[in-house]
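Below: the structure, in C-alpha cells.
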Amino acid sequence: MRADLHRVSANPLSRVRNLGILAHVDAGKTTITERILYVTGMTHKRGEVHDGTTVTDFDSQERDRGITIFAAAVSCGWDGYRVNLIDTPGHVDFSDEVERSLRVLDGAITVFDAVAGVEPQSEAVWRQADRHRVPRIAFVNKLDRAGADLDAAVDSIRRLHPAPLVVQLPIGRENGFTGVVDLLHLRALVWVDGRETADEGPVPVVLKDEARRRRRLLEEAVGELHPAALEEFCAQGAVSAQTLSSALRDLTRSGDGLVVLCGSAYRNRGIEPLLDAVVAYLPSPLDVPPVRGTQDGMARERPADPAAPFAALVFKVAATATGRLTYLRVYSGTLRKGAAVWDAGERRTERIARLLRVHADRHSEVDAAIAGDIVAVAGPKAAQVGTTLCAPGDPLVLEPPVAADPVVSVAVEARRAADVGRLASALARLVEEDPSLVVRSDPQTGQTVLSGLGELHLEVAVEKIHRACGLEVTVGPPEVAYRETVVRGVSGLVYRHVKQTGGAGQFAHVVLDVEPADAEDEEGFVFRSDVAGGRVPREYIRAVEAGCRDAMADGPLGGHPVTGLRVTLTDGATHPKDSSEMAFRTAGRLGLREALRASVMQLLEPVAEVAVTVPDDAVGGVLGDLAARRGHVVDSAMRAGTAVITATVPLAELFGYANRLHSRTQGRGTFTTRPAGYAPAPPG
Ligand SMILES: Nc1nc2c(ncn2[C@@H]2O[C@H](COP(=O)(O)OP(=O)(O)OP(=O)(O)O)[C@@H](O)[C@H]2O)c(=O)[nH]1
Ligand SMILES: [Mg+2]
C-alpha cells in the first residue's frame with residue numbers, strides 16, 4: 001500500500017489534495033495524521049501523542065502539554081496522489097491557527113469522537129469551515145472506546161449538516177471493533193493486530209442483512225440529492241458503486257452531502273479507506289473556484305494554472321534555527337528556486353533562496369513549486385502572514401485571512417533590566433508568527449501589554465519566549481478586553497470645526513444622530529448620510545465616516561473600543577476655501593466623541609460559553625462555583641454517570657478555572673470554552 005513519493009511528485013494538479021484535519025480538542029487529529037504518515041510510508045514507527053513522539057506535535061510545549069498548538073503541514077503520497085495535510089489545533093485559544101489554515105486549504109477531514117459526538121469546538125470549527133466554503137468529509141474516530149456509538153455520533157452531526165451519508169458499517173463494538181464494511185463495494189476490511197494492512201474479505205454473515213439495509217438507505221439518501229443517482233435508482237431499482245462514488249464526489253464538493261467514515265486512529269483501523277475517500281471525494285486545486293484578489297484596486301481572478309503569473313499567499317512564518325521560513329500556498333503560476341518575487345505587503349522584491357517541501361519539522365529541498373502546492377521558502381525577510389508574494393511584473397493582492405480580536409491581556413516585563421531590549425525583539429517575533437497576538441505599550445502605566453485569545457494562548461506565548469531565548473519574564477494578572485456601546489444616543493448633535501490661524505483655515509460643520517445599531521449589524525458600526533441636496537460633497541462624507549471610526553477607538557467610559565452604534569450624518573456645511581477632507585475627518589472624530597459623551601453608554605465584557613463535564617456527584621459543587629462566577633447555566637445533560645453543564649460565564653471570571661475545577665473534582669472534571677461575544681458588565 002505504500003506509495004512512491006517520487007512518482008507522485010511528477011503528477012499533475014488533479015492529483016494534489018490540500019487538506020486540513022479539524023476537530024474539537026483531543027478528537028484524535030494528530031493521531032490520525034500520524035497514522036496517515038505511517039500507512040503512506042512517510043514514517044516507519046507510529047508516534048503517540050501521550051509519549052510526545054508524533055511528527056506534527058514537534059514543538060517542545062506541544063509534547064509536554066500533549067496538545068497541538070501550532071498547525072503543522074506534512075506531505076505524503078497515496079495511490080498516485082500527493083496529499084498535503086495540515087494538522088490543526090483543537091483548543092479554542094488557537095483557533096486563529098485554524099483560520100489561517102482554512103484560508104489555504106481546498107478540503108478538510110472533520111473528526112468526531114464516537115463517544116462524545118459533536119462537541120463545542122467541533123461546532124465552532126465547522127462554522128469556520130462553512131465561512132471559507134471548504135468541502136469536508138467526516139471521520140468518526142475512537143470507535144474502540146467504551147460507549148462508542150456511530151449512529152448516535154451521526155445523529156449529533158445532523159446538527160451541523162442535514163445530510164450525513166454514512167458509507168461504512170462498523171464490525172464489532174468498542175474493544176471488539178475490528179474493521180468496517182465498505183457499503184459501496186459491499187466488502188469487509190478487517191485490521192488484525194500485528195498486521196500492517198487490512199484484510200479484505202466478504203461481508204460477515206451476521207452483518208449481511210444490516211449492510212444491505214444500510215446500502216439501500218445510502219442509495220435513497222444519495223438519490224434524493226443527486227439527479228444521476230436518482231435516475232439510476234428509478235430505472236434499475238438500485239445505484240451502482242460507481243455512480244454512488246461519483247455522486248458522493250459531487251455532493252462533497254457542492255457541500256450538499258457529508259460523507260461519513262469511521263475507525264480508530266489509535267488502533268490504526270480505518271485509515272486507508274479514509275485516504276481513499278480523501279482522493280476520491282475531496283477537491284483538487286483545479287476543482288475549487290479561481291482565487292480572487294485585487295490588482296490596482298480592481299478585482300481579478302487567477303486560475304490554478306502553472307503557466308499563469310505566479311501568486312501565493314503567506315499563511316505562516318516561523319523563526320527556525322537556520323533562519324526565517326515563510327509558508328506559502330501557491331495559487332497560480334510556478335515558483336522556482338532563485339526567482340525574484342514581489343512582496344505586495346512590504347512592497348519590495350525578495351529572492352527565493354531555498355524552496356522546501358514541508359514535513360513537520362523536517363524539510364526536503366525542491367527546485368520548483370506549482371499552483372496548488374503548499375511549500376516553505378527561505379529568502380523573504382519581511383513577508384507577514386496574510387501577505388501575497390507574486391510575480392514582480394504582474395502584482396496581485398490576495399485576500400488575507402482575518403485575525404481574531406484579542407480578548408485577554410497581561411503586562412509583561414523582563415525580570416532583568418538588561419533584558420528589556422531582548423524581550424522587545426522576542427515579542428516582535430512572536431507577533432509576526434501569530435497575528436492573533438498583539439503587543440502594545442499602555443499609555444497610562446508605560447507597561448508592555450501582550451494580548452491574545454485566552455489565558456492558555458498567552459501562557460504558551462510567554463513560555464515560548466522563555467524556552468527559545470532563555471528570557472526570564474514577569475507576567476501580570478490577566479485582564480479582559482472591555483468594550484463600550486451606546487444604550488441611548490443623541491440626535492442633532494452639531495459640531496463645528498473652525499480654525500483661522502493665518503494661512504489656509506479649516507472649516508467643517510457636521511450634524512450627527514447617534515443610536516444603538518441593530519443586533520444583526522455584525523461589524524458593530526453603521527454609517528449613513530441623509531444630507532440633502534449635495535450640501536456636503538461625497539468625499540467629505542467619507543472623511544466624516546473615517547473620523548467617526550477614529551473616535552470609536554476610545555470610548556468615554558474608560559477608553560475602550562466602541563461597538564454597536566449607528567451614526568447618521570443629517571446635515572453639514574462647507575466653506576468655499578477652508579473646507580478639506582482633513583477638516584471633515586477632524587469634525588467627524590471630535591463630533592462623535594462629543595456625541596458619545598452625551599449618550600448613555602454601557603460597558604461590555606467578553607463572555608465565554610463553557611461546557612463542563614463532571615461526574616454526577618460533583619454537579620452541585622460545580623453549579624455553585626459557576627453561579628459565584630456570574631455564570632448562567634443554559635443547558636445540562638446527564639449521560640452514563642457524567643453530567644455536561646453548559647453555561648455562559650464572563651471571561652474575567654474564568655481565570656484560574658482549570659485549577660479550581662481540577663481540585664473540586666479530584667481531577668475528574670474537564671471543560672471547554674468558546675467565545676460567546678460581549679455582554680453588559682456590572683457597574684463598578
Ligand atoms: N481510544 C482511542 N484513543 C484515541 C484514538 N485516537 C486518539 N486517541 C487518544 O486521544 C488523545 C488525543 O489525541 P490527539 O491525536 O492528540 O488529539 P488532537 O485532536 O490532535 O488534540 P489537539 O491537537 O490537542 O486538539 C490521545 O491520548 C490519543 O492517544 C482512538 O482512536 N481511540
Ligand atoms: Mg493535535
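The values are calculated or read from the model by the stated rules, or taken from the named source; none is laboratory data. Predicted, not measured: the structure shown is a model, and the values here were computed from it. Heads up, the Cβs are rebuilt from the backbone with ideal geometry, glycines too, and the neighbour counts pull from every protein chain shown. SASA here: full protein model, heavy atoms, side chains in, ligands and nucleic acids out. Shrake-Rupley method; radii C 1.70, N 1.55, O 1.52, S 1.80 Å.
The length gained on full extension between E123 and S663, counted as 0.36 nm times the residue separation minus their Cα-Cα distance, comes to 191.5 nm. Please label the shape of segment 393-435 as rounded, prolate or oblate, based on the square roots a ≥ b ≥ c of the eigenvalues of the alpha-carbon gyration tensor (a/c under 1.5 means rounded; beyond that, a/b larger than b/c means prolate, else oblate). Verdict is oblate for segment 393-435. Is the C-alpha gyration tensor of segment 542-684 telling us rounded, prolate or oblate? Criteria: a/c under 1.5 is rounded; beyond that, a/b larger than b/c is prolate, otherwise oblate. Cα axes put segment 542-684 in the prolate bin. Helix 455-469: angle to the longest alpha-carbon principal axis of the chain, degrees 0 to 90, nearest 10? Once rounded, the angle reads 90 degrees. About its Cα centre, segment 448-606 has a charge dipole of approximately 820 debye under the convention of +1 per Lys or Arg Cβ and -1 per Asp or Glu Cβ, with nothing else charged.
The calculated P(r) of segment 394-528, using every Cα pair and 5 Å bins from 0, goes 2, 8, 13, 14, 10, 9, 10, 11, 10, 7, 4, 1 in percent. Diffusion coefficient of segment 422-495 by Stokes-Einstein, Kirkwood radius over Cα pairs, 25 °C, 0.890 mPa s: 168 µm²/s.
Compactness of segment 53-127 was expressed as the Cα radius of gyration divided by 2.2 N^0.38 Å, which yields 1.17.
Rounded to two decimals, the Cα radius of gyration of segment 384-455 over 2.2 N^0.38 Å is 1.42. Once the Cα-Cα distance is subtracted from the 0.36 nm per residue extended length, the D635 to R351 segment shows a gain of 96.7 nm.
Considering only Cα atoms, the convex hull volume of segment 302-357 works out to 94 Å³ per residue. Fraction of C-alpha pairs exceeding 26 angstrom in segment 186-344: 53 percent, rounded to a whole number.
Checking the a/c ratio against 1.5 first, then a/b against b/c, what shape does the Cα gyration tensor give for segment 10-142? Oblate shape, in that a/c is at least 1.5 and b/c is the bigger or equal ratio.
If you line up the long axis of helix 208-225 against the longest principal axis of the chain, both from Cα atoms, how many degrees apart are they, to the nearest 10? Approximately 40 degrees, to the nearest 10. Y38 contributes about 20 Å² of solvent-accessible surface, heavy atoms of the protein only, 1.4 Å probe.
Looking at L37, V118, V408, which one has the Cα that reaches farthest to the positive end of the dipole of the chain (charges on Cβ: Lys, Arg +1; Asp, Glu -1)? So the residue we want is L37. Working note: Cα gyration tensor of segment 627-684, eigenvalues times five, square-rooted, sorted largest first, giving semi-axes of 23, 15, 9 Å.
If you wrap the Cα atoms of the chain in a convex hull and average its projected area over all directions, you get 35.9 nm². At the residue level, I137 shows approximately 0 square angstrom of accessible surface with a 1.4 angstrom probe and all protein chains present. For A339, the residues whose amide H sits under 5 Å from its own are I352, ignoring neighbours fewer than 5 places away on the same chain, with H placed 1.01 Å from N. Here the gap between D64 and R187, fully extended at 0.36 nm per residue and compared with their Cα-Cα distance, gives a gain of 40.1 nm. How much FRET efficiency would the formula 1/(1 + (r/R0)^6) give for A424 and E231, where r is the Cβ-Cβ distance and R0 is 60 Å, rounded to 0.05? In this case the efficiency is close to 0.35.
Segment 498-581 gives an Rg/Rh value of 1.03, both radii derived from C-alpha positions and Rh following Kirkwood. The angle between the Cα long axis of helix 420-433 and the longest principal axis of the Cα atoms of the chain comes to about 60 degrees, rounded to the nearest 10. Each part gets one Cα centre, and for segment 227-270 versus segment 487-505 those centres are 65 Å apart. With only the Cα atoms considered, segment 265-362 has a convex hull volume of 151 Å³ per residue. A protection proxy built from the mean count of other Cβ atoms within 10 Å ranks the segments 575-582, 24-31, 389-396, most packed first, as 24-31, 389-396, 575-582. Per-peptide packing, taken as the mean over residues of other Cβ atoms within 10 Å, places 597-608, 459-470, 230-241 in the sequence 597-608, 459-470, 230-241 from highest down.
Highest average first, the peptides 190-199, 46-55, 321-330 ordered by how many other beta carbon atoms sit within 10 Å of their residues are 321-330, 46-55, 190-199. Both radii were evaluated on the Cα set of segment 472-539; the Rg over Rh quotient, with Rh as the Kirkwood radius, amounts to 1.19.
Once you reduce segment 185-212 and segment 308-358 to the center of their Cα atoms, the two points are 46 Å from each other. Dividing the helix sum by the residues of the chain, where each DSSP H run of 4 or more adds -39500 (n - 2.57), gives a mean residue ellipticity at 222 nm of -8500 deg cm²/dmol. Computed over segment 31-84, the P(r) tail beyond 15 angstrom holds 44 percent of alpha carbon pairs.
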